[in-house]
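What follows is a set of notes on a single structure, which appears directly below.
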């Protein structure tokens with residue numbers, strides 16, 4: 001049972017206080033020691049309780065003493081003397097096989113010892129017997145079963161992934177998650193007002209993408225606001241925001257009022273920031289709280305404050321991967337790519353504490369930073385690592401597609417058409433994978449459309465240079481691009497997404513223009529109108545509007561559009577040339593000539609400006625001759 005022994009001269013002060021409250025003290029009185037054993041255990045004086053319990057058992061070793069053995073086992077368990085505690089619990093089960101409470105304690109010990117299968121068996125046996133629960137309950141058994149299942153599942157998945165059995169690993173992970181969710185559901189039948197169980201279930205439902213159910217459980221956890229145990233209202237709120245966002249994205253019909261929904265999410269995020277402010281007021285060295293606060297601030301668009309929070313977390317815990325990867329993501333958004341790259345590489349080298357995130361995110365953000373630095377081959381390697389770690393990571397597949405697109409553009413500019421085509425095709429495969437994983441992924445559809453558009457241009461170039469490509473192939477690719485943009489526009493947008501939505505319209509418009517179908521030009525013009533209404537500073541919107549208006553021979557309107565584009569991006573050869581063409585068609589030859597001269601000064605090899613300049617010069621000569629005659 002251990003080395004702890006009680007003698008008359010070794011009774012502690014705590015025991016003496018307890019003894020003084022017990023009548024008829026007698027060192028050899030079994031009843032006295034039994035009562036002292038239980039009293040001390042319930043008072044959480046575990047070392048003293050062990051000594052008292054052992055004295056009671058020594059005096060009458062042949063008695064059942066079930067309550068004494070229970071207090072002894074509980075005390076030893078709390079002292080983390082697990083083998084000795086198991087001896088006590090086994091003794092109890094030999095004398096009372098229907099002691100469910102004891103089986104739950106055994107389950108807890110096996111869980112602490114990382115013996116997950118034994119833990120699951122003990123908890124399941126406690127539930128099946130459904131006997132004496134004492135101070136425990138079936139809800140506790142379901143809880144510990146859920147925790148053990150989750151930990152065992154992670155070990156099995158890691159083992160299968162190590163053997164290269166990715167598909168089997170994914171299937172096993174989903175089975176385990178469903179079983180864990182079922183355990184929490186069973187616990188909730190017994191204790192429906194447990195915010196702990198509701199929050200845990202909510203997080204797991206998010207993992208298997210059952211967002212509507214997750215939303216219900218998190219909302220209820222916050223509303224109930226009882227029995228949080230190891231979870232917090234902040235954790236429930238974080239899950240709630242993720243679930244709300246995913247529900248809004250995946251099923252717009254469930255969002256009754258987008259503006260109201262957005263306002264509510266902002267309100268909840270602000271509450272979350274305040275929650276962490278209170279935590280940090282009491283404990284300013286809490287790196288986790290600083291990081292979580294940073295995530296909330298970043299979501300609110302408060303980038304400077306978010307960076308401060310991440311920096312503070314990293315000052316406290318320099319090797320904290322979760323803080324570093326979030327810092328990397330935010331720096332990428334701010335286009336501070338060198339700093340972002342350093343943060344991501346530090347995240348991958350440090351303590352690997354990712355919280356709810358994954359190493360794949362760091363590899364994906366690293367690829368974004370490298371692409372921003374135009375190190376596309378390195379970026380592709382990093383993106384490949386991200387999708388290898390998580391084959392269902394839609395954002396990483398999308399990012400990989402964009403990098404391949406950039407590589408294709410470089411090769412196309414160098415007239416390496418075969419290599420460019422190969423990269424465009426591979427890029428399309430990546431973005432297609434992204435939208436297959438998440439069919440409502442607007443940015444994935446947007447990038448799929450952009451790569452298709454560029455691929456269509458490449459096919460046109462190949463035809464012009466004598467390559468054996470089908471004449472209608474580029475038309476089919478352009479039509480697929482238009483459809484991809486339409487899929488992107490079918491997503492659920494809020495007012496904060498106006499710039500992104502404007503970009504989709506602007507890009508769709510130019511593809512409709514490239515189809516050279518008179519019936520589609522009106523649609524193209526309408527798309528540019530949508531773009532500039534959503535974002536009056538959209539260079540692409542005004543530029544493409546000028547292109548289409550020229551095609552429609554609405555020269556004054558085209559000139560107005562190009563003038564807007566020129567104000568947004570001065571010294572753009574295409575825009576200056578477009579303005580010149582519109583002026584030329586309006587008969588303003590001197591103004592047109594000035595524009596073409598300016599364009600050729602910027603790019604002496606720009607053939608469109610050169611040809612249009614020659615046309616203007618001829619028209620000016622004709623005009624002079626007409627004036628003379």
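The values are calculated or read from the model by the stated rules, or taken from the named source; none is laboratory data. These numbers come from a predicted model, not from an experiment. Positions of Cβ are generated from backbone atoms using ideal geometry, with glycine treated the same way; all protein chains shown enter the neighbour counts.
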* Mind telling me which of the residues 62, 128, 98 ends up being under 26 Å from residue 182 (Cβ atoms) and free of Cβ contacts under 8 Å to residues at least 24 places away in the same chain? => 128
* Of the numbered conditions (1) farther than 23 Å from residue 230 by Cβ; (2) without any contact (Cβ under 8 Å) to a residue 60 or more places away in the chain; (3) in a helix (DSSP H, G or I); (4) under 45 Å from the mean Cα position of the chain (by Cα), residue 37 satisfies every one except a single condition; which is it? -> (4)
* Does residue 464 fit the bill of being under 26 Å from residue 516 (Cα atoms), modelled with pLDDT under 95, out of contact with any helix residue (DSSP H, G or I) (no Cβ under 8 Å at 6 or more places or on another chain) and surrounded by fewer than 18 Cβ atoms within 10 Å (Cβ to Cβ)? -> yes
* Hey, among 457, 415, which residue is in a helix (DSSP H, G or I) and either farther than 14 Å from residue 401 by Cβ or modelled with pLDDT of 90 or more (or both)? -> 457
* To do: Looking for whichever is within 28 Å of residue 477 (Cα to Cα) and in contact (Cβ under 8 Å) with a residue 60 or more places away in the chain here; the options are 544, 507. Which one fits?
  => 507
* Asked: Which of the following residues is in contact (Cβ under 8 Å) with a residue 24 or more places away in the chain and on the phi > 0 side of the Ramachandran plot: 174, 225, 193?
  -> 225
* Asked: Does residue 76 satisfy the criteria of being buried (at least 22 other Cβ atoms within 10 Å of the Cβ) and touching a residue at least 60 places away in the same chain (Cβ under 8 Å)?
  -> yes
* Looking only at the range 601-623, and only at residues there that are under 48 Å from the mean Cα position of the chain (by Cα), part of a helix (DSSP H, G or I) and touching a residue at least 12 places away in the same chain (Cβ under 8 Å), the one that is surrounded by the fewest Cβ atoms within 10 Å (Cβ to Cβ) -> 602
* One residue from 564, 590 being part of a helix (DSSP H, G or I) and either closer than 21 Å to residue 529 by Cα or touching a strand residue (DSSP E or B) at 6+ places or on another chain (Cβ under 7 Å) (or both) -> 564
* Structure fact -> Among 430, 440, the single one that is part of a loop (DSSP other than H, G, I, E, B) and either under 30 Å from residue 211 (Cα atoms) or touching a residue at least 12 places away in the same chain (Cβ under 8 Å) (or both) is 440
* Structure fact -> With criteria (1) within 25 Å of residue 406 (Cβ to Cβ); (2) out of contact with any helix residue (DSSP H, G or I) (no Cβ under 7 Å at 6 or more places or on another chain), residue 501 comes up short on (2)
* **Identity of the residue in the range 307-329, assigned to a loop (DSSP other than H, G, I, E, B) and touching a helix residue (DSSP H, G or I) at 6+ places or on another chain (Cβ under 6 Å), that ends up surrounded by the fewest Cβ atoms within 10 Å (Cβ to Cβ)** => 317
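Okay, residues lined up against (1) under 26 Å from the mean Cα position of the chain (by Cα); (2) surrounded by fewer than 20 Cβ atoms within 10 Å (Cβ to Cβ); (3) over 23 Å from residue 113 (Cα atoms):
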position: 146; (1), (2), (3): yes, no, no
position: 150; (1), (2), (3): yes, yes, no
position: 162; (1), (2), (3): yes, yes, yes
position: 169; (1), (2), (3): yes, yes, yes
position: 178; (1), (2), (3): yes, yes, yes
position: 212; (1), (2), (3): yes, yes, yes
* Structure fact -> Only unsatisfied item for residue 218, checking (1) within 19 Å of the chain's Cα centre (by Cα); (2) buried (at least 18 other Cβ atoms within 10 Å of the Cβ); (3) in contact (Cβ under 8 Å) with a residue 40 or more places away in the chain, is (3)
* Asked: Could you say which residue among 507, 492, 423, 447 is modelled with pLDDT under 90 and touching a helix residue (DSSP H, G or I) at 6+ places or on another chain (Cβ under 7 Å)?
  -> 492
* Contacts under 7 angstrom Cβ, first residue in the range 410-423 being within 13 Å of residue 459 (Cα to Cα), partner surrounded by fewer than 18 Cβ atoms within 10 Å (Cβ to Cβ) and at pLDDT below 90, 6 or more apart -> 417/461; 417/467
* Please enumerate the residues belonging to the range 385-411 that are within 28 Å of residue 173 (Cα to Cα), part of a helix (DSSP H, G or I) and in contact with a helix residue (DSSP H, G or I) (Cβ under 7 Å, 6 or more places away or on another chain). => 385, 386, 387, 389, 394, 395, 396, 397, 398, 399, 400, 401
* So residue 578 fits all but one of (1) part of a loop (DSSP other than H, G, I, E, B); (2) surrounded by 15 or more Cβ atoms within 10 Å (Cβ to Cβ); what number is the exception? -> (1)
